[in-house]
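The values are calculated or read from the model by the stated rules, or taken from the named source; none is laboratory data. Computed from a prediction, not measured in an experiment: that's the story for all the values here. Cβ atoms come from the backbone with ideal geometry, glycine included; neighbour counts cover every protein chain shown.
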Amino acid sequence: MSKKLAIVTGGTRGIGASISKALIADGFEVAAIYHGNIDAANAFKAETGGHIYKVDVASFADVRAGVEQIEKDLGPVSVLVNNAGITKDSMLHKMEEDAWHAVIETNLTSCFNMCRAVIGGMRERSFGRVINISSINGQKGQLGQTNYSAAKAGIIGFTKALALESAAKGITVNAICPGYIETEMTGAMKQEVLDGIIRSIPAARMGKPSEIADIVAFLASDKAAFITGSTLTANGGQYMA
């Protein structure tokens, strides 16, 4: 029996790499999508043996071509994890138009692009798992992140609507809202900023990428077949929705 195939966008670095590794450990074939950092992608491939594909998830045409190539190489997609995301932070009264569109297109429109490319096949096969990575800041908002918060809040609404459309076809669609996680991005913050963040978290620490990956692995499994349209928070109690 061939392995089920999972696509993970932004799947070669940070949280995405942990997600890809967790799915590989659970027996999935994984196609990890990257866009800019070829060195990180090659390092991921060398470490895990996972498959890497360069795709601009903000481009409908590029996604369609990329998914077609993945399915030609590896077979039908059973699991899609929409994890790709960027930040271009600025107070709204200073935000450039390009910063707005780049974040919305990479973080939110990418979910449409990727889901549109795989949902037809999932419906035909009466099986699928779609897992969208949102954010605590899509739930509560964040100063200097109107673009990012809007995109991540949009993912939650998108998830609920697609879950309603897909449930009768054996497809589950869920969102995860991580809080502050130990990644390269948080590691680049000033220590006093990090200390302030940690003081605001009841668990008194940031999360680990593997803790998000474990949730994804569960939602991708048969054990989660009756969970759909849900938003799971993983933020150490910082924001309770």
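Annotations
- Selection status of V63, β-branched (V, I, T), closer than 20 Å to I119 by Cα, modelled with pLDDT of 95 or more and in contact with a Gly (Cβ under 9 Å, 6 or more places away or on another chain): no
So that you can scan it fast, the table gives a plain yes or no per residue for (1) assigned to a helix (DSSP H, G or I); (2) surrounded by fewer than 16 Cβ atoms within 10 Å (Cβ to Cβ); (3) touching a Pro at 6+ places or on another chain (Cβ under 7 Å); (4) on the phi < 0 side of the Ramachandran plot:
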site: A168; (1), (2), (3), (4): yes, yes, no, yes
site: T172; (1), (2), (3), (4): no, no, no, yes
site: A175; (1), (2), (3), (4): no, no, no, yes
site: M185; (1), (2), (3), (4): yes, yes, no, yes
site: D195; (1), (2), (3), (4): yes, yes, no, yes
site: I212; (1), (2), (3), (4): yes, no, yes, yes
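- Selected residue (criterion: farthest from M185 (Cα to Cα)) from residues of the range 79-97 that are surrounded by 21 or more Cβ atoms within 10 Å (Cβ to Cβ) and among the polar types (S, T, N, Q): N82
- Only residues that are surrounded by fewer than 22 Cβ atoms within 10 Å (Cβ to Cβ) and touching a helix residue (DSSP H, G or I) at 6+ places or on another chain (Cβ under 7 Å) were counted in the range 120-136, giving 2.
- Qualifying residues in the range 153-166 (those that are without any contact (Cβ under 8 Å) to a residue 60 or more places away in the chain and surrounded by 18 or more Cβ atoms within 10 Å (Cβ to Cβ)) - the one nearest to T228 (Cα to Cα): L162
- Test result for V57, buried (at least 16 other Cβ atoms within 10 Å of the Cβ), part of a loop (DSSP other than H, G, I, E, B) and of a type outside the set (D, E): yes
- No other residue among V57, V77 is more than 24 Å from Q145 (Cβ to Cβ) and out of contact with any Phe, Trp or Tyr (no Cβ under 6 Å at 6 or more places or on another chain) apart from V77.
- Checking each residue in the range 104-145 for being charged (D, E, K, R) and in contact (Cβ under 8 Å) with a residue 60 or more places away in the chain picks out R129, K140.
- Filter pass, G170 being under 30 Å from M122 (Cα atoms) and under 16 Å from the mean Cα position of the chain (by Cα): no
- Filtered residues of the range 209-240 (kept if farther than 23 Å from L80 by Cβ and free of Cβ contacts under 8 Å to residues at least 40 places away in the same chain): G237, M240
- Picking from residues in the range 7-33 that are in a strand (DSSP E or B) and under 12 Å from the mean Cα position of the chain (by Cα), the one that is surrounded by the most Cβ atoms within 10 Å (Cβ to Cβ) is V8.
- Residues being within 25 Å of N235 (Cβ to Cβ), assigned to a helix (DSSP H, G or I) and more than 14 Å from the chain's Cα centre (by Cα) - total across the range 105-142: 3
- Yes/no for A46 being of a type in the set (G, A, S), free of Cβ contacts under 8 Å to residues at least 60 places away in the same chain and either surrounded by 13 or more Cβ atoms within 10 Å (Cβ to Cβ) or not in a helix (DSSP H, G or I) (or both): no
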